[in-house]
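Working notes, structure below.
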Amino acid sequence: MSEDAAAGGAHGDGVDGGPELLVERRGGVLAVTFNRPARRNAMTWAMYDGLAEACERADADDDVRVLLLTGAGGAAFVAGTDIGQFAGFADGADGVAYEQRIGAVIDRLTAVRVPTLAAVRGYCVGGGLAIAAACDLRIAAPSARFGVPIARTLGNCLAMPAFALLADHLGTARTLDLLLTARMLTADEAHAAGFVTRLAAEDSLDAGAEELTGRLAEHAPLSMWAAKESARRLRGAGLPADRDIVERVYGSEDFRNAVAAFADKTTPTWRGR
C-alpha cells in the first residue's frame, strides 16, 4: 500500500475507467504508472503534463529519494504518443511546437534531482523510448522491446535533443540502425548495448525494481545528483539547431498522409515530399 496517492490525467482510458496516469508515494519512492493498457499506454497531452508534474513533486518532497516509472498491464511501458495528438497538425510549425513541448517534458525528467528508474515490460517505443532514455537507469523483462519505428509508421522525425539522448546511450551507429530499419531491440540486445541496466524475469520485474530503488534510496543524494547533473550537462553541450529538419518532416505530404493512413488502418505511400 502507498503512503499517499494522487491521480493525474483525464479519466476514461485508464484501468476500470480510472485516470491515465497514477502517481503514488511508496515510502521514499515516488511511483508513476502510465495507465492506458488498452492503448498500450500511448501518451496523451494530459499524461505528458502529469509526468512533468510528478517530476516537480519529486523535487519538492525531501522524503522522495527515487522516481520510478512503469506501465500498466503487460503489453507496454509506453507505446509512443497517441496518434490522435497529431490529427490537427497543419504545417511544419505544428511539428516544431510538438517536439518542443515533448522535449520540455523529457528535459524536466532528466533534470529531476533524485535517481530515476524505468521498469519496462512490452513495447517501449517512440516517445516511450525517449522517456525511458531520460531516466538514469532501466530494468527490463524479457518481453521488453525498444525502438523508434517512425520510418514505417508516421514518417515523422526525432528532434535533435531526443536524437542526442539516444545516441548518448546507444551510440550513433545503433541509433541510426533503429531509425533507418525501424526494427526493435530485444531486452537482451538492449542490455548488451548498455541501455538496460538489469534484466529480470517477467514475474519478478516489480521485485527487481523494488530492490534497485531500495538500494538507491540508501545512497548519498548529493553524490547521485552530481553524477546525474554532470551527465545531463555533458549531453546537452553544443547541440546543433534542428528547426529546419523538424519543419520539413512534419510539414510534409508524407506525414499528413501517414497520420490519415494510421487512422484508416491502411499502409502509407511514401513520396519523399
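We did not get these values from a lab; they are worked out from the coordinates using the rules stated. Keep in mind that what you see is a predicted model, and the values were worked out from it rather than measured. Using ideal geometry, Cβ is built from the backbone for each residue, glycine included, and neighbour counts are taken over all protein chains shown.
So, R0 is 30 Å and r is the distance between the beta-carbons of Arg26 and Gln100; what FRET efficiency does that work out to, to 0.05? Calculated value: 0.35.
In nm, what is the difference between 0.36 nm times the number of residues separating Thr186 and Asp49 and their Cα-Cα distance?
My answer for the length gained is 46.4 nm.
Inter-label distance, Lys265 to Asp168: 4.0 nm, where each label sits 7 Å from its Cα along the C-beta direction. Angle check, please: helix 172-181 long axis (alpha carbons) against the longest principal axis of the chain (alpha carbons), in degrees 0 to 90, nearest 10. With both axes taken from Cα atoms, the answer is about 50 degrees. Packing order of peptides 191-204, 71-84, highest average first: 71-84, 191-204 (average count of other Cβ atoms within 10 Å over each peptide's residues).
When the helices in the chain are scored as -39500 (n - 2.57) per DSSP H run of 4 or longer and the sum is shared across all residues, what 222 nm value do you end up with, to the nearest 500 deg cm²/dmol? So the helix-based figure for the chain works out to -13500 deg cm²/dmol.
In this simple spin-label approximation, Ala241 and Ser204 carry label points 7 Å from Cα along the Cα→Cβ vector, and these lie 5.3 nm apart.
Could you please rank Cys55, Cys124, placing first whichever residue has the fewest other Cβ atoms within 10 Å of its Cβ? Let's see the in-between values first.
On the way: Cys55 24, Cys124 33.
Ordered by Cβ neighbours within 10 Å, fewest first: Cys55, Cys124.
Between Glu253 and Thr197, full extension at 0.36 nm per residue minus the direct alpha carbon distance yields a gain of 16.2 nm. Compared with the alpha-carbon gap, the fully stretched path from Ala151 to Leu234 is longer by 27.0 nm at 0.36 nm per residue.
Between Pro19, Ile150, Ala201, the Cα set farthest toward the positive side of the dipole of the chain (charges on each charged residue's Cβ, about the Cα centre) is that of Ile150.
One entry in [x] 1.01; [y] 1.26; [z] 0.97 is Cα Rg over 2.2 N^0.38 Å calculated from the shown coordinates; its label is [z]. The calculated FRET efficiency for the pair His219 and Ala60, based on their C-beta separation and a Förster distance of 25 Å, comes to about 0.75.
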